[in-house]
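The structure's right below; bear with me while I get my questions together.
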Amino acid sequence: MLRPLLDVPKARLVASAEVAGLAFAVDPSNADPRFERARLRGANDAYAKLGLTPEALALSARRLRRARAALDEAAQELLSRHAETSDAGYAVVDWTALATCPEEIALRSLSRLLASVGGSEDPVRLAKLEALFAALREHPDKAHTLGRCRIAPHGEGRLGIFREMRRDGLPVLELHPGEGALWDNRFRVTLGTAAPRTLTVRALGESGWRQLREAEALPDSLPRLAARALPACWRGESLLGLADFRQAPQCSTPCSRHEARLDCQATFLRGPIREPRRDAAAILSR
């Protein structure tokens, strides 16, 4: 069976043509270092002498891919056993489990947690992850920020990962009855058709959190750092309440118990690392 022509090395092709007495043309620009293709060919020749042939590089890539898959699986296993996310857009991880596992597994686990809560489409750079992990080891009792997240102690021996409230605030959007939109790249917010009129969705913020706390409209189990960064429904400067974070659309009682006719649903899109032991549906329906 004949091999495709493109698979034949150039040196063999030239030798075969010379033995057969076949004339062929040589383009001198192929060896001219002024051209990038010539420089690349020269570099390939140098790499080949070191054993870095395309076949060797492809083999290394397959081995690295195999190792990466194993590391990713180990990171997922750690998160499945020692971390949980909430429909209210935050995550909690056991710090001892994170600090005592192999560093590569810890870094991959942190990366997934930050991506889940921060809502960023771009992964955090490895150098910044390494610096965060080193800072956490040195000062586990202090708060740190990275990837649009605030990482802070949360209960005994645990770290909480919360959406960071920046100076420029979080997005603001207008919803008409029956409309839905992506908010903060984390939540899909939908206003029911039964809603009386248009409302504004923006972060609850510190003042909104205080208002709902004073009205006893929020449970103690909802962390302040998480609540402040949740999408809340407003009409002008009047706070109507938080959207309903339970997944079932038929649930009509708002989580904040602030306005019974709010009819606004919010779905956390980053998906739980594992099923929370006490998720937001149970917490916010109290």
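State, in angstrom, two size descriptors of segment 1-77 derived from its alpha carbons: Rg to one decimal place and Dmax to the nearest whole number.
Expressed in Å, the Cα Rg and Dmax of segment 1-77 come to 19.2, 64.
Give me the three principal axis extents of segment 70-164 from the C-alpha atoms, as integers in angstrom, largest value leading.
Largest first, segment 70-164 extends 31, 30, 27 Å along its Cα principal axes.
Compute the acute angle (0 to 90°) between the alpha-carbon long axis of helix 36-49 and the principal axis of greatest extent of the alpha-carbon atoms of the chain; round to the nearest 10°.
80 degrees
Just 166, 41, 188 to compare: in a GNM of the chain, with alpha carbon springs under 10 Å, which one fluctuates most?
With Cα springs under 10 Å in the chain, the top fluctuation among 166, 41, 188 is at 41.
Also, quick follow-up: Which of 54, 123, 140 ends up with the largest GNM mean-square fluctuation for the chain, with Cα atoms connected below 10 Å?
So, out of 54, 123, 140, the one fluctuating most is 54.
Show that you can apply the helix-only estimate: for the chain, add -39,500 (n - 2.57) for every DSSP H stretch of four or more residues, divide by all residues, and state [θ] at 222 nm to the nearest 500.
-12000 deg cm²/dmol, from helical runs alone.
Now for a different question. For the chain, what is the convex hull volume of its Cα atoms per residue in Å³?
It comes to 244 Å³ per residue, whole-number rounded.
To make sure I understand, if each residue's beta carbon is the centre and we count other beta carbons within 10 Å, what order do 92, 26 fall in, fewest to most?
26, 92
Given points 7 Å out from each Cα along the Cα-Cβ axis, report the residue 131 to residue 23 separation in nanometres with one decimal.
It is 6.5 nm.
Listing 55, 84 from the residue with the fewest other Cβ atoms within 10 Å to the one with the most, what is the order?
55, 84
When the chain is modelled as a GNM with alpha-carbon springs shorter than 10 Å, which of 167, 65, 213 fluctuates the most?
Sorting by GNM fluctuation, first place goes to 167.
Since every read-out is calculated from the coordinates, none of them should be taken as a lab result. Predicted model, so just to flag it, every value in this text is computed and none were measured. For neighbour counting, all protein chains shown are included, and Cβ atoms are generated from backbone atoms with ideal geometry for every residue, glycine included.
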